[in-house]
1. Mind listing the Cα extents of the range B:225-264 along all three principal axes, in Å, largest one first?
2. Over chain B, what percent of the accessible surface lies on carbon and sulfur atoms, probe 1.4 Å?
3. Return the ratio Rg/(2.2 N^0.38 Å) for the range B:296-390, where Rg is computed over Cα atoms only.
4. I need the semi-axes of the equivalent ellipsoid of the range A:93-138: take the C-alpha gyration tensor, multiply each eigenvalue by 5, square-root it, list largest first in whole angstrom.
5. Need one number: nm distance between label points at A:Arg143 and A:Glu130, each 7 Å from Cα along Cα→Cβ, rounded to one decimal.
6. Helix-only estimate, please: 222 nm mean residue ellipticity of chain A, summing -39500 (n - 2.57) across DSSP H runs of length 4 or more and dividing by its residues, to the nearest 500.
7. Do any GluC sites (Glu not before Pro) in the range B:48-142 lie in a loop, going by DSSP, with at most 13 other beta-carbon atoms within 10 Å of their beta carbon, and if so which?
8. Evaluate 2.2 N^0.38 Å with N set to the residue count of chain B, then give the Cα radius of gyration divided by it.
Protein chains: 2
Amino acid sequence: MRDETESNDSASPRPESSSPHAVRYQLHHTDANCAARLGTLTTPRGEVPLPTFMPVGTVGTVKGLVIDQVAATGAGIILGNTYHLALRPGAEVVSQLGGLHAFSGWSGPILTDSGGFQVFSLAERVKITEQGAQFQSHIDGARLSLTPEESIAIQEQLGSDIAMQLDHVIALPAERPAIADAMLRSVRWAERCQQAARREDQSIFAIVQGGLDPELRQESAERLVELDFAGYAIGGLSVGEPPAEMYSTIEVTTPHLPVDRPRYLMGVGKPEDLIEAVYRGVDMFDCVMPTRNGRNALAFTDEGPVRLRNECHKVDPRPLEEDCPCPACRHSRGYLRHLFMAGEMLGPVLLSIHNLTYYQRLMAGAREAIAADRYAEYRQQKLAGWQSGG
Amino acid sequence: MRDETESNDSASPRPESSSPHAVRYQLHHTDANCAARLGTLTTPRGEVPLPTFMPVGTVGTVKGLVIDQVAATGAGIILGNTYHLALRPGAEVVSQLGGLHAFSGWSGPILTDSGGFQVFSLAERVKITEQGAQFQSHIDGARLSLTPEESIAIQEQLGSDIAMQLDHVIALPAERPAIADAMLRSVRWAERCQQAARREDQSIFAIVQGGLDPELRQESAERLVELDFAGYAIGGLSVGEPPAEMYSTIEVTTPHLPVDRPRYLMGVGKPEDLIEAVYRGVDMFDCVMPTRNGRNALAFTDEGPVRLRNECHKVDPRPLEEDCPCPACRHSRGYLRHLFMAGEMLGPVLLSIHNLTYYQRLMAGAREAIAADRYAEYRQQKLAGWQSGG
């Protein structure tokens, strides 16, 4: 593990990261009163201020949004799903059409997951061996396999800037030996991914596993850090465990991760989860929640979620949020409700945009607060606001 | 009927229209070799160069498009459906939320139809008397009525710039007496609409009826022109008759319409229909075709329609049209096909944008050609292009 050389002085110049990877992290400042970090992720396709939230563009599209609309929400990096893209249209097709950037029209950085979590959650008849995963496509039942080497090969065809290692995801709760076994297998797979990588313009993030067990999490982190990855993800959380357990697991993991590498909490989460995880030193997030909830007429606001199908919004002339610059907030709540009641596609589109904008503004506010050593206050203020309405 | 004072000299200054209405038309130039007209529609909410195509925003939304995207296609005026809006959310709700402009976020001119055509085509158990239409809502079966006075009252609540008279639409083919009867009733209803109108910032367009019968069309036009409306629509076409019969009906109608009033062909149509109708002196169009076909993976291009689900587009890196500035044309055909094959909402959104952009560019090209007395040539060139591919 690397030396921790954190400083609370955001003004002092900081030497570039010592990372040999194409994707690098520079820590600018850690909040004086908590573990929240302000930094910059540098990639071959531009820089992203951290902490940040990555909108999920499952099959090369953030559902319903023209790519300029995604950029206008404030997103700096988006995520693509390897499993989905490999099944449809196929990595070969994406590659022939110029890779995922040209395909989707997103010229900024892209992170692709490994496909492991989707195999675990979507595929049928999944069988895990030391070699990899065997399973059936959830679309057409085709018999497929995904090994660490295949996952990296697919992600190289997609041409993302950040590839995720294939990891062994297991359902919780589980027995400790099973969790340890999957964690150790994930470490071995991380090394195989590293060995398989060929593209110099793509960096791999490793994934810390170990369930809710602090010792296993520590062991996973230490073994992976020894292998020296461009970044480290915390995986296997937000799968049904109580929030407090997720937060404590983050808390026991981040101290074992190097300060000069980005930390990515996979598949998380609600606004409060992001706020709590940033507090504990996490830099990156992804989740379908803003878009999926948006499609279901639920809008995130500083006063808690607003359910737009409710009758009370029928002739409400107010926007969702007075100070939100998004196109949904140029309309009345009454109009947005009408779109959902009439089954109009524009409802899901506008609410997806609003929710993504909400998440980006939440992270922008976090960055500002960290720079001023006020993150703990920012956290309290946001949590109080969400509890007030809702 | 007014004197025809057309001139082919586009450079000579032309006096303002003598229309007493809030919505006025100024003819700038008639093509030297055909009846195609270049003009300007002036409304309380801005000017629109004619000929133009009006995107259909049925219930206060052009399906799937954020209102800025509608503007970016080049649209100058949009259409709202009175029948749909009256049923859901209700004209009272739209009015409470500031009228259709504030509701939909479109600050330019809006034309609303009368609801008559939708009663004819969508409602159940329709009964027409001299008083008006009685019918059942297609949404919840509620027993409703629509008289000329009610139609205008609803359109005044919606607050559109142009209201359409309620007309008596009948299915074709029909016996001549039935067509004549509906035509004469429509004239009486036009007068009742005129009498009922209260808003000075809203103008009414009358609707010429008379089936495919030249004499009835002439009589309808002459009677309506005598009543002096802000504009004249040609209704009851594009309901299944052969294109040649539609074109000849337009041809026998437009000579009986005043040159200083706009002419609107309702519910039309395919690109070739627009081109043929402009050739015969029509100024305004509306149709769901660009958006409905777009949602069904059909794109309009200068080489004819492209069906994007076809296998041949799978790895095609070309855009739909090289010179099209729309966001769909920043992607490959392969990507657009993928969106439809994966059932992604962005497919319908992007193709709706492309098709609306195509229609607006078609009309912009028409205006340019008319100004140069080259419209007949433009027409030939477009028709030849559509026949070449397809």
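The values are calculated or read from the model by the stated rules, or taken from the named source; none is laboratory data. Quick caveat, the model's predicted, so the values are computed rather than measured. We place every Cβ from the backbone using ideal geometry, glycine too, and count neighbours over all the protein chains shown. These area figures cover heavy atoms from the full protein model, side chains too; ligands, DNA and RNA do not enter into them. Shrake-Rupley method; radii C 1.70, N 1.55, O 1.52, S 1.80 Å.
1. 31, 16, 14
2. 49
3. Expressed relative to 2.2 N^0.38 Å, the Cα Rg reads 1.15.
4. They are 28, 11, 10 Å, listed largest first.
5. Roughly 2.3 nm, to one decimal.
6. On the way: 14 runs with 152 residues, N = 390.
Per the formula, -12000 deg cm²/dmol.
7. Working: sites: B:Glu92, B:Glu124, B:Glu130; in loops: B:Glu130.
Those satisfying the criteria are B:Glu130.
8. Numbers: Rg = 20.5 Å, N = 390, 2.2 N^0.38 = 21.2 Å.
This ratio for chain B stands at 0.96.
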